Number of protein chains: 2
Amino acid sequence: MVRTLEYPKTDKNKVQRYNARAAYDLETIHSTIQTSIVLNVAFAPSPDNPFPIILPMVGAMGSFAHPSASLSEPLDCYVHGYVTNRMARLARDSPQGLPVCVSATKVHGLVLSLTPYSHDVNYKSAVLMGYASIVEDQAEKLWAMELITDKVCRDRWAETRVPPKSAEMSSTGILRIRVEGGSGKVRNGVAHDEREDEEDEALRGRVWTGVVPVMEVYGEPVADEGNKVANVPEYLSRYVSRKTEEAETGAKEAMKE
Amino acid sequence: MVRTLEYPKTDKNKVQRYNARAAYDLETIHSTIQTSIVLNVAFAPSPDNPFPIILPMVGAMGSFAHPSASLSEPLDCYVHGYVTNRMARLARDSPQGLPVCVSATKVHGLVLSLTPYSHDVNYKSAVLMGYASIVEDQAEKLWAMELITDKVCRDRWAETRVPPKSAEMSSTGILRIRVEGGSGKVRNGVAHDEREDEEDEALRGRVWTGVVPVMEVYGEPVADEGNKVANVPEYLSRYVSRKTEEAETGAKEAMKE
């Protein structure tokens, strides 16, 4: 089963026009972005360079204006990471922001059928298109830093030394991507073959068909040499278990049609 | 520890000029691409659209001219997947090929330090820039289909119904990306903090520091209802074990400085 999801083609202000189906799409698209540790951010580096560049960046979905907004609502994408000088300069030099594409893909399994032609991968993927600008407002920047930290490791922010010092604030780069549109794709299910192959008993007696689950699991936390906290904190072991459970459930659910 | 790797800035023909260091770089960059199930392929969709598009595609590194070439040698990148009409048309309409960027990222762990500022992710990533063209030569296309199938699931091709029928050949899209350059990045190691935080005993008594391993593991293969092969074939169970071992080793190795 393959589903292609589309962001509603509507002005971002017209939130009241999102219907249930659109809201569902937004949630699927946003949650695919939100559950990926690293996002791929593509941009055009310069008019005379024909190649787009893809940078791996850590990021999160959120709304500074409406911090309690859920994943099914219109959100911005905040990214932090290896903001190259070039990308930061391009974002700063573009009055409306640097056009970027953000993508994330989660693989759930290898689908092995009778023929290579019918082989597939169970996955969900999402892309967002939007304009990236450097976050200058200090309150928004601090909020986005917490958003991103807690997205990578839930409840971590409050358990560390915060707030950041002013030198830490100024040397951290956060980009807000104002989302203009996006789409998602989901491939679920088992192997399917052409009838002629499925009716070939000799072939079916010879070729194993099924799905190999693929899961991004989190292992037992390994303390640093300098760590002075006796046990792994409860919020962290809970998060690690939850992420691994999510991965296992995701792989299992993806096998259903 | 962070390392940035660069593809040698040399004409692709001048293979003899790659020295040991360059070869090592190529191997790291190529193997990052090669061990990722899904690759991100970015391209500019049209001159009047400011947003690059990123597509998730299945692909593999290889050389049709020198099929025995190792990952440390100059290679093309072959991709197969959701070749949109637009991308295929663009590739067909560009005499030298469509400029694309291919990227892959493997996350090995979450690095949790005393401050959010010093938090990091252990990962390796690679990008390749090159010109994508549709593979028209049938021998090369067949070879690339086997290359990609066996990259996703080693030894699978020969265990299925091959060769593909002519209708399967003609409805399969394979793109060859002639690589012009690339780079890679590796972040390994443990958490590091500023001296002032490290010397704050109260802080260290309160904040757990260390690494949460992240591993893309492969689960026990799940047979389809229609499967007639009694046991999971040996090549498949061996591959599944190997991929999981690689993920566990990768996460462990990434914790070393």
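Each value in this text was obtained by applying a stated rule to the coordinates, not by laboratory testing. No experiment lies behind these values; they were computed from the predicted model shown. Every residue, glycine as well, gets a Cβ built from its backbone with ideal geometry; the counts of neighbours run over all protein chains shown.
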Ranking A:Ser46, A:Gln138, A:Gly210 by how far each Cα lies towards the positive end of the charge dipole of segment A:19-254 (+1 on Lys and Arg Cβ, -1 on Asp and Glu Cβ), the top one is A:Gln138
Here the correct list, in nm and shortest first, of distances from A:Ser68 to the same site in the other copies, label points 7 Å along Cα→Cβ, is 6.9
Karplus ³J(HN,Hα) for segment A:156-169 (6.51 cos²θ - 1.76 cosθ + 1.60, θ = phi - 60°; Hz, whole; x = Gly/Pro) runs 6, 3, 5, 9, 10, 7, 10, x, x, 5, 5, 5, 5, 4
Taking r as the C-beta separation of B:Arg178 and B:Glu225 and R0 as 35 Å, the FRET efficiency to the nearest 0.05 is 0.20
Contour minus Cα-Cα span, B:His192 to B:Arg3, at 0.36 nm per residue, comes to 66.4 nm
The answer for GluC sites (Glu not before Pro) in segment B:184-218 that fall in a DSSP coil and have at most 15 neighbouring Cβ atoms within 10 Å is B:Glu199
Here the correct list, in nm and shortest first, of distances from B:Gln96 to the same site in the other copies, label points 7 Å along Cα→Cβ, is 3.0
Residues other than A:Lys106 with Cβ under 9 Å of its Cβ, Lys/Arg counted +1 and Asp/Glu -1, net out at 0
What helix-only [θ] at 222 nm does the protein assembly as shown give? Using -39500 (n - 2.57) per DSSP H run of at least 4, over all residues, to the nearest 500, the answer is -8500 deg cm²/dmol
Taking r as the C-beta separation of A:Glu234 and A:Arg86 and R0 as 45 Å, the FRET efficiency to the nearest 0.05 is 0.60
In the structure shown, of A:Lys124/B:Lys243; A:Lys165/A:Lys185; B:Lys165/B:Lys228, the pairs separated by more than 32 angstrom at the C-alpha atoms are A:Lys165/A:Lys185
Checked segment B:105-257 with the C-alpha gyration tensor, a ≥ b ≥ c its square-rooted eigenvalues, rounded below a/c of 1.5, otherwise prolate if a/b is larger than b/c and oblate if not; verdict oblate
Residues other than B:Ala251 with Cβ under 12 Å of its Cβ, Lys/Arg counted +1 and Asp/Glu -1, net out at -3
For B:Lys256, the aspartates and glutamates lying under 15 Å Cα to Cα, once residues fewer than eight places off in the same chain are dropped, come out as A:Asp224, A:Glu225, B:Asp120, B:Glu248
The answer for trypsin sites (Lys or Arg not before Pro) in segment A:48-156 that fall in a DSSP coil and have at most 15 neighbouring Cβ atoms within 10 Å is A:Arg154
Given B:222-234, B:30-42, B:128-140, the highest-first ranking by average Cβ count within 10 Å works out to B:30-42, B:128-140, B:222-234
